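Bear in mind that the values in this text are calculations on the coordinates, not laboratory data. Computed from a predicted model, the values in this text were never measured in an experiment. No Cβ is skipped: glycine too gets one built from the backbone with ideal geometry, and neighbour counts run over all protein chains shown.
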Amino acid sequence: MNGLAIGFDFEPLLELLAMAALVGAVPLVWWQWRHRGDAAAKRLRALTVLATFLTFDLILIGALTRLTDSGLGCPDWPGCYGSASPIGAKAEILAAQTAMPTGPVTHGKAWMEMLHRYMAGGVGFLLVVLAVVSWWVWWRGRRTGEATPSPWWATLSLVWILVQGFFGAWTVTMKLFPAIVTTHLLLALGLLMLLAWQAESYAPKPLAWSAGLRRAFAAFTVLAIAQVALGGWVSTNYAVLACQDFPTCQGQWLPPTDFEHGFTLWRELGRGAHGGWLPFEALTAIHLAHRGGAMIVFAALLALAWALWRQGGSRTGGEGGNDGGGLEARRWARRLLAVGAWQLASGLSNVVLGWPLVAALAHTGGAAALLLMCAIVLARLRAGTTRDVIEPVPVRAGILTMGSK
């Protein structure tokens, strides 16, 4: 077989999968111990919430990797210069750093990149377990005639993170192609929303808001996703510092812009629509588009919070059909306002303080928190209209089972 050319080295991939299983096993053992003996729905929900929490952490680690320019700390995939960790690639990293002292490869950046990969693998391992357990519960339910939650949500989550992993690999091999990096970020945020929706399905807390308010919240969610996509485009093109003053930009209300090059999606990092260097005016256009979108979303958030506050005053449209629904609507109004204020403060800090790492991470975390809230509310609104509630039943003979109401 010496003459057979194999284009992919599976050894680092297998080692990375082993590391992912090790990382994922730690929270999995805690979950198994903490929720031993619980009903099936409670165990599934706990595992989904755990995966959601770790996905949120993964988004922040991915942002830290991007913000510290560590995305090419290991310029190959899945290993680091063919090794499962930077320890085995010390010589190669040192040679790359010596050849280009200000380049993208250092020992610190290599560890940052591999930490991101290990964490992603750990989340993937948890989602494999979640999918397997969900199908097992469903299969047992079919045999006993009990209603069980659909295992397709867990399956979709697993497929989703596999696609996200593909884009993560592509991010490295395509040398931080902005469209690929932005898609990778959006897929991570989409996974966060999907897991939050899934967790809510195991223990619904219905929200019975008016039809108009439900439509308004759905429209706001679409606006928020579009704005987060613009923010990802700003970050992946390093356009944050194109405007270092506020409310003006470069001391002007309307500085020169180049939207054609700035929003040509399929191009290399730092390159324009026609292959030349990306003009500074293109970075300005990207920054101003995000700033304009922020004003629209913030205005929509204020209007939505006001509508929720008014509905809260009417003492209708509650959660779970109880008389505390008005208070619940006002709680969501306060949560929206808190996240909006966080995003405003962290976004302005990025501009006027020169993009400090803490503010940039805070802004990414705030965006993730906003979309997480949107997913939770939409799931509860859907439960409020369908009343599709699944009640857990006790564990029987160590097998996860559940019934329905």
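Structure notes:
- The stretch 72-156: trypsin sites (Lys or Arg not before Pro) in DSSP coil with no more than 13 other Cβ atoms inside 10 Å: none
- Sequentially through the stretch 266-276, phi angles give Karplus couplings (6.51, -1.76, 1.60; θ = phi - 60°) of 9, 7, 6, 4, x, 10, x, 5, 10, x, x Hz, Gly and Pro residues having no value and appearing as x.
- The mean sequence separation of alpha-carbon pairs under 8 Å and at least six residues apart, normalised by the residue count of the stretch 150-241, gives a relative contact order of 35 percent.
- Nearest-0.05 FRET efficiency for Trp306 and Gln250, computed from C-beta distance (R0 41 Å): 0.75
- Estimated distance in nm for a label pair at Val159 and Ile296, the labels positioned 7 Å out from Cα along Cα-to-Cβ: 3.1
- Listed residues Cys249, Cys374, Cys80, most fluctuating in the chain (Gaussian network, C-alpha, under 10 Å): Cys249
- Cβ-derived FRET efficiency at R0 35 Å, Trp266 paired with Leu348, nearest 0.05: 0.65
- For the stretch 14-27, Karplus couplings with θ = phi - 60° (6.51, -1.76, 1.60), whole Hz, Gly/Pro x: 5, 5, 5, 5, 5, 5, 4, 4, 5, 5, x, 5, 4, x
- Positive contributions from Lys and Arg (+1) and negative ones from Asp and Glu (-1), summed over other residues with Cβ under 13 Å from the Cβ of Gly231, come out at +2.
- Directionally averaged shadow of the stretch 86-232, computed from the convex hull of its alpha-carbon atoms, nm²: 12.5
- Listed residues Gly276, Gly121, Gly168, most fluctuating in the chain (Gaussian network, C-alpha, under 10 Å): Gly276
- Dipole size of the chain about its Cα centre, with +1 on Lys/Arg Cβ and -1 on Asp/Glu Cβ: approximately 1660 debye, rounded to the nearest 20.
- In loop segments of the stretch 13-62 as defined by DSSP, the trypsin sites (Lys or Arg not before Pro) with at most 16 further C-beta atoms inside 10 Å of their C-beta are Arg36.
- Shape of the stretch 148-255, Cα gyration tensor, a/c cut at 1.5: oblate
- The stretch 42-56 and the stretch 263-291 have Cα centres spaced 38 Å apart.
- Charged-residue dipole, Cβ positions (Lys, Arg, Asp, Glu), the stretch 65-131 about Cα centre, Debye nearest 20: 100
- Leading residue at positive end of dipole, the chain (Cβ point charges), from Trp197, Ser157, Leu278: Trp197
- Between Thr98 and Trp277, the FRET efficiency from the beta-carbon distance, with R0 = 41 Å, is close to 0.90.
- The simple spin-label model puts a point 7 Å past each Cα toward its Cβ; for Asp69 and Leu357 those points are separated by 1.3 nm.
- Hz values of 3J(HN,Hα) by residue in the stretch 67-75 - Karplus curve (6.51, -1.76, 1.60), Gly and Pro given as x: 6, 9, 6, 9, x, 10, x, 10, x
- Remark on Arg271: its backbone amide H falls under 5 Å from those of Leu278, a criterion applied only to residues 5 or more positions apart or on other chains, H modelled at 1.01 Å from N.
- CD proxy at 222 nm, helix term only [per DSSP H run n ≥ 4: -39500 (n - 2.57); per residue of the chain; nearest 500]: -23500 deg cm²/dmol
- Only Cα pairs under 8 Å and 6+ residues apart enter the sum, and on that basis the relative contact order of the chain stands at 22 percent.
- Of Ile296, Ile286, Ile376, the one that fluctuates the most in a GNM where the chain has Cα springs shorter than 10 Å: Ile296
- Ordering Asn350, Met373, Pro206 by Cα displacement along the dipole of the chain toward the positive end leaves Pro206 in first place; charges were set at the Cβ atoms of Lys, Arg (+1) and Asp, Glu (-1).
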